[in-house]
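The values are calculated or read from the model by the stated rules, or taken from the named source; none is laboratory data. Since this is a predicted model, take the numbers as computed values, not measurements. Using ideal geometry, Cβ is built from the backbone for each residue, glycine included, and neighbour counts are taken over all protein chains shown.
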Amino acid sequence: MDGFFRRDGGQSLVELALTLPLLVFAILGGADMARAFALQIAVENGSRAGAESYAIDSTPTNAEAQTAVINEINRTPTANASASNVTVLKKQADGTTNCVSPPTVATPCFVSVRVQYGWSTVIAWPIVPNGGTFDRTTTIRTFY
């Protein structure tokens with residue numbers, strides 16, 4: 001009987017040695033995917049927050065919109081956004097003509113806030129991409 005139990009213990013050790021790397025790979029890969037998903041949502045929310053901040057303020061500035069974006073993105077753990085990630089443009093509906101002040105019904109003005117945020121995985125994975133750039137633009141009509 002003693003030999004029977006010793007063989008089972010060796011078998012379990014071999015099975016653990018074979019499955020443990022797969023388990024660790026799955027856990028770390030899942031954590032990287034969850035982090036990327038959280039950053040994607042943060043970039044989307046930041047773009048919306050910046051455009052909304054600019055659109056509803058009676059005296060909007062680009063710096064104010066950038067600050068709203070940065071504050072929103074940096075609420076996410078591991079995110080480190082800066083003003084260089086944010087572009088704010090104020091144009092008419094065609095996207096190229098400058099706005100008239102104040103905007104009218106015939107010549108509405110729109111603010112577009114574009115956020116580009118680069119990210120990379122925690123671990124350099126073989127074969128799969130180890131990073132990318134999240135890019136989101138939100139456009140809202142302004143009234144001032």
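Data for the structure
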item	result
Residues of the range 98-144 satisfying the condition of being crowded, with 17+ Cβ neighbours inside 10 Å, of a type in the set (S, T, N, Q) and at pLDDT 95 or above	Ser112, Thr138
Per-region count, the range 42-55, residues without any contact (Cβ under 8 Å) to a residue 24 or more places away in the chain and surrounded by fewer than 17 Cβ atoms within 10 Å (Cβ to Cβ)	0
Filtered residues of the range 29-41 (kept if farther than 14 Å from Asn85 by Cα and crowded, with 17+ Cβ neighbours inside 10 Å)	Asp32, Arg35
Verdict on Ala81 being loosely packed, with under 14 Cβ neighbours inside 10 Å and of a type outside the set (Lys, Arg)	no
Unmet criterion (only one of (1) part of a helix (DSSP H, G or I); (2) within 25 Å of the chain's Cα centre (by Cα); (3) over 30 Å from Ile127 (Cβ atoms)) for Pro60	(1)
Any pair with Cβ under 6 angstrom, 6 or more apart, that starts in the range 62-89 at a residue that is closer than 11 Å to Val115 by Cα and ends at one that is in a loop (DSSP other than H, G, I, E, B)	Ile70/Ala81; Ile73/Ala79; Ile73/Ala81; Ala81/Asn74
Residue under evaluation Gln40, criteria (1) closer than 17 Å to Thr138 by Cα; (2) at pLDDT 95 or above; (3) touching a helix residue (DSSP H, G or I) at 6+ places or on another chain (Cβ under 9 Å); (4) not hydroxyl-bearing (Ser, Thr, Tyr), criterion not met	(3)
Residue list for the range 102-144, restricted to those being hydrophobic (A, V, I, L, M, F, W, C), in contact (Cβ under 8 Å) with a residue 40 or more places away in the chain and part of a strand (DSSP E or B)	Val111, Val113, Val115, Trp119, Phe134, Ile140
Unmet requirement for Arg75, which otherwise passes all of (1) surrounded by 15 or more Cβ atoms within 10 Å (Cβ to Cβ); (2) at pLDDT 95 or above; (3) closer than 27 Å to Ala26 by Cα	(1)
